[in-house]
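Heads up: the structure comes next, in structure tokens.
The values are calculated or read from the model by the stated rules, or taken from the named source; none is laboratory data. Note that the structure is predicted; figures quoted are calculated from it, not measured. With ideal geometry, Cβ positions are generated from the backbone for all residues, glycine too; neighbour counts draw on all protein chains shown.
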Amino acid sequence: MSKNLKIVLGTIYIVILISFLYFLFLKFDISRIDDFSYYKLVQANIEEYIGKNLVLNLFLFFLFSIFWIMLLGFGSPILLLSGILFGKWVGTFISTISISVGALLLYMIAKFFFKELINFMLKDKFEKFRERFKKNEFYYFLAFRFAGGLGIPFGIQNVLPVIFNIKNSNYFFASFLGFIPHFFIWNAVGAGINNFIKGSDSFNLINLMMNKEIYLPIAIFLFLIFFSFMVKKFFFK
């Protein structure tokens with residue numbers, strides 16, 4: 001059963017990915033890839049389209065993000081996209097909710113179908129943390145999420161708690177609260193890129209990086225990376 005599920009999930013993931021890329025390149029004029037005015041036109045069209053029916057587009061983004069995360073997709077592209085499409089505040093809200101739900105569903109699937117496999121692959125590496133998680137699983141998982149998963153790939157972060165058998169409610173709320181700082185930063189960068197395209201007549205990498213809507217979130221992100229090392233040193237040593 002688990003092998004068949006893997007095949008089904010893998011097939012769905014590939015179909016969604018190919019469909020998304022096909023739609024993207026169908027709507028994107030490759031011949032104008034170096035024309036900044038074309039990006040301004042695309043940005044204006046997207047903004048107009050989103051504004052016509054914000055609720056529907058939020059719902060579609062919500063569903064897409066859930067399936068993306070369930071199929072082990074990376075988190076950062078979704079976060080940048082939500083910032084570009086909806087701005088840093090609404091983008092942070094919708095991406096945090098949708099990714100938290102997607103991660104929880106992935107965790108539940110992994111716990112039900114792949115518990116033995118995940119324990120076999122990861123249990124020995126994280127055995128020393130099991131007792132700590134049993135004492136206060138919400139607190140430790142919140143610290144883990146807040147520290148950006150300690151550099152562990154996002155897909156593995158979402159299924160790793162299977163070895164600790166964390167309660168679904170603790171998993172969701174610790175993820176939701178722990179995601180907010182990092183997700184806000186990524187959405188702020190996405191919104192900053194969108195605003196740069198809207199307000200500039202030509203592309204200049206230096207001007208882009210010197211924009212406070214870009215460099216300030218990046219500086220905070222670097223601080224959070226440093227913070228994650230401190231959390232790892234004191235809480236997960």
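Within region 44-88, track down each residue that is among the hydrophobic types (A, V, I, L, M, F, W, C) and either at positive phi or not in a helix (DSSP H, G or I) (or both). Lay out the reasoning, then the answer.
Within region 44-88, the subset among the hydrophobic types (A, V, I, L, M, F, W, C) is 44, 46, 50, 54-56, 58-64, 66-72, 74, 78-81, 84-86.
Hits for region 44-88 are 71, 72, 74.
Looking at region 114-129, can you tell me whether even one residue there is among the hydrophobic types (A, V, I, L, M, F, W, C) and either at pLDDT 85 or above or exposed (fewer than 13 other Cβ atoms within 10 Å of the Cβ) (or both)? Let's see the steps before the verdict.
Taking region 114-129 first, the residues among the hydrophobic types (A, V, I, L, M, F, W, C) are 114, 117-118, 120-122, 126, 129.
From the residues that got through so far, the ones that are either at pLDDT 85 or above or exposed (fewer than 13 other Cβ atoms within 10 Å of the Cβ) (or both) too are 120.
Yes, region 114-129 contains at least one residue that is among the hydrophobic types (A, V, I, L, M, F, W, C) and either at pLDDT 85 or above or exposed (fewer than 13 other Cβ atoms within 10 Å of the Cβ) (or both).
What residue, of 102, 91, is in a helix (DSSP H, G or I) and free of Cβ contacts under 8 Å to residues at least 60 places away in the same chain? Give the derivation first.
On the way: 91 fails: free of Cβ contacts under 8 Å to residues at least 60 places away in the same chain.
From the options 102, 91, the qualifying one is 102.
Hey, can you tell me all the residues within region 130-153 that are out of contact with any Gly (no Cβ under 6 Å at 6 or more places or on another chain), modelled with pLDDT of 80 or more and part of a helix (DSSP H, G or I)?
Correct list: 137, 138, 139, 140, 141, 143, 144.
Look through 63, 79 and report the one residue that is within 28 Å of residue 223 (Cβ to Cβ) and within 18 Å of the chain's Cα centre (by Cα). Quick ask: steps written out before the conclusion?
On the way: 63 fails: within 28 Å of residue 223 (Cβ to Cβ).
Answer to the selection: 79.
Among the listed residues 156, 163, identify the single one that is β-branched (Val, Ile, Thr), within 18 Å of the chain's Cα centre (by Cα) and assigned to a helix (DSSP H, G or I).
Of 156, 163, the one residue that is β-branched (Val, Ile, Thr), within 18 Å of the chain's Cα centre (by Cα) and assigned to a helix (DSSP H, G or I) is 156.
Yes or no: residue 86 touching a Phe, Trp or Tyr at 6+ places or on another chain (Cβ under 8 Å), among the aromatic types (Phe, Trp, Tyr) and surrounded by 14 or more Cβ atoms within 10 Å (Cβ to Cβ)?
On the way: touching a Phe, Trp or Tyr at 6+ places or on another chain (Cβ under 8 Å): yes; among the aromatic types (Phe, Trp, Tyr): yes; surrounded by 14 or more Cβ atoms within 10 Å (Cβ to Cβ): yes.
It is true that residue 86 is touching a Phe, Trp or Tyr at 6+ places or on another chain (Cβ under 8 Å), among the aromatic types (Phe, Trp, Tyr) and surrounded by 14 or more Cβ atoms within 10 Å (Cβ to Cβ).
Could you run through region 167-197 and say how many residues are surrounded by 17 or more Cβ atoms within 10 Å (Cβ to Cβ), without any contact (Cβ under 8 Å) to a residue 40 or more places away in the chain and either among the aromatic types (Phe, Trp, Tyr) or not in a helix (DSSP H, G or I) (or both)?
Qualifying residue count, region 167-197: 1.
Which of (1) closer than 23 Å to residue 221 by Cβ; (2) without any contact (Cβ under 8 Å) to a residue 40 or more places away in the chain does residue 116 not meet, given it meets every other one?
Unmet for residue 116, out of (1) closer than 23 Å to residue 221 by Cβ; (2) without any contact (Cβ under 8 Å) to a residue 40 or more places away in the chain: (1).
Conditions first: (1) of a type in the set (Val, Ile, Thr); (2) within 20 Å of the chain's Cα centre (by Cα); (3) at pLDDT below 70. Residue 214 passes all but one, so which condition is the exception?
Failing condition for residue 214: (3).
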